[in-house]
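Rule-based calculations on the coordinates, nothing more; no lab input. Worth saying up front: this structure is predicted, and the values here are computed from it rather than measured. All Cβ positions, even for glycine, are placed from backbone atoms using ideal geometry, and neighbour counts span all protein chains on display.
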Amino acid sequence: MQIKEIGRNHYFSDASFYKWRSKYGGMNAYEAKRLRELEMENGKLKRLLAEAHLDIHALKSFFCTKP
C-alpha cells in the first residue's frame with residue numbers, strides 16, 4: 001500500500017507520517033516511549049522553572065519598592 005492510502009484509511013496526512021518517521025524512525029517501541037516520557041518531564045520542569053521565575057520577580061518587585 002502507498003502512504004496516501006494508509007493515511008486515508010487511518011485519517012492522517014502524508015506530512016504527519018513523514019514527520020513521525022523522521023522523529024521516531026529507527027527506534028524501537030521502548031525507545032520511543034522513553035523519549036515521550038522525557039519530553040513530558042522536560043515540559044513539567046520548564047513550567048516549574050517559569051513559575052519560580054515569576055515568584056522571584058514578584059518578590060523582588062514587592063521588596064524593592066520604596067514606601
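Scanning for something surrounded by 10 or more Cβ atoms within 10 Å (Cβ to Cβ) and among the aromatic types (Phe, Trp, Tyr), does segment 21-37 turn up at least one residue?
Yes, the conditions are met somewhere in segment 21-37.
Test Ile56 against the stated conditions and say whether it is surrounded by 10 or more Cβ atoms within 10 Å (Cβ to Cβ), touching a residue at least 12 places away in the same chain (Cβ under 8 Å), among the β-branched types (Val, Ile, Thr) and at negative phi. Steps first, answer last, please.
Working: surrounded by 10 or more Cβ atoms within 10 Å (Cβ to Cβ): yes; touching a residue at least 12 places away in the same chain (Cβ under 8 Å): no; among the β-branched types (Val, Ile, Thr): yes; at negative phi: yes.
Taking the combined requirement at face value, the residue does not satisfy it.
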